[in-house]
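K.L.:
The structure is given below, and queries will be raised subsequently.
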Amino acid sequence: MSAPRVTGNMLQGTFQNGQSVRLVGKVLSSNNAEGQAVILSPDNIEIFVQRRDGQPYSTEYVEVIGTIQGPNTIEENSYCPFSDGFDLEAYGQAVELAFNQYGHLFRPE
């Protein structure tokens with residue numbers, strides 16, 4: 001299953017509900033009463049993540065692989081912890097370049 005790397009803005013129009021995506025972000029809150037975490041995307045949009053196991057994230061930055069449930073919501077299938085010194089701004093710029101300016105190199109024919 002393909003899961004393209006996205007930013008918060010991409011969740012709000014480029015991709016549709018039900019699509020699998022990868023989002024890297026900064027953990028703002030790790031778990032609430034509804035089993036959700038809040039992650040700040042590289043373009044500073046708060047994204048709600050419906051946690052699969054309900055456990056708090058153990059690092060400041062994570063990559064969430066999941067399914068889009070709405071413009072600002074992802075249902076987590078899995079996640080990968082990133083180091084606390086991760087450069088989210090540079091990552092966001094790379095995702096934008098890969099998707100927009102150099103998309104022809106990264107999308108399947």
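The values are calculated or read from the model by the stated rules, or taken from the named source; none is laboratory data. Computed from a predicted structure; not experimentally measured. No Cβ is skipped: glycine too gets one built from the backbone with ideal geometry, and neighbour counts run over all protein chains shown. Accessible surface is based on the protein model in full, side chains and every heavy atom, while ligands, DNA and RNA are left aside. Shrake-Rupley method; radii C 1.70, N 1.55, O 1.52, S 1.80 Å.
K.L.:
If amide hydrogens are placed 1.01 Å from N in the peptide plane, which non-local residues have theirs closer than 5 Å to the one on ILE45?
P.N.:
So ILE45 has HN proximity to GLY8.
K.L.:
Still on this model: What does a probe at GLU89 reach in the stretch 26-61, counting residues whose amide N is under 14 Å from the point 7 Å along Cα→Cβ?
P.N.:
Counting backbone N atoms under 14 Å from the label point, the list is 42-44.
K.L.:
Would you calculate a helix-derived [θ] at 222 nm for the chain, using -39,500 (n - 2.57) for each DSSP H run of n ≥ 4 and dividing by the full residue count, to the nearest 500?
P.N.:
-4500 deg cm²/dmol
K.L.:
Give me the accessible area per residue for the stretch 1-75, probe 1.4 Å, as a whole number in Å².
P.N.:
Accessible surface, normalised per residue, equals 48 Å².
K.L.:
Still on this structure, I have one more. Separation between the LEU97 and GLU60 pseudo-spin-labels, each 7 Å from Cα along Cα→Cβ, expressed in nm?
P.N.:
The two pseudo-label positions are separated by 2.4 nm.
K.L.:
Quick one: Debye curve from the C-alpha atoms of the chain, no solvent, what's log10 I(q)/I(0) at q = 0.21, 0.24 Å⁻¹?
P.N.:
Relative scattering, expressed as log10 I(q)/I(0), comes to -1.11, -1.42.
K.L.:
Another question, then. Mind checking the angle between helix 88-99 and the chain's longest principal axis? C-alpha axes, 0 to 90 degrees, to the nearest 10.
P.N.:
Approximately 40 degrees, to the nearest 10.
K.L.:
Hey, another quick one. Loop-only check: which chymotrypsin sites (Phe, Trp or Tyr not before Pro) in the stretch 5-109 are DSSP coil with at most 14 other Cβ within 10 angstrom?
P.N.:
TYR102
K.L.:
Let me ask something else about it. What ³J(HN,Hα) values, in whole Hz, does the Karplus curve 6.51 cos²θ - 1.76 cosθ + 1.60 give for the stretch 35-49 when θ = phi - 60°, with x put for Gly and Pro?
P.N.:
The phi angles translate into x, 10, 10, 10, 10, 8, 6, x, 9, 6, 10, 6, 10, 8, 10 Hz.
K.L.:
Follow-up question, since we're still on this one. Over the Cα atoms of the stretch 4-54, how large are the radius of gyration and the largest Cα-Cα distance (Dmax), in Å?
P.N.:
Looking at the stretch 4-54, its Cα Rg and Dmax stand at 10.9, 30 Å.
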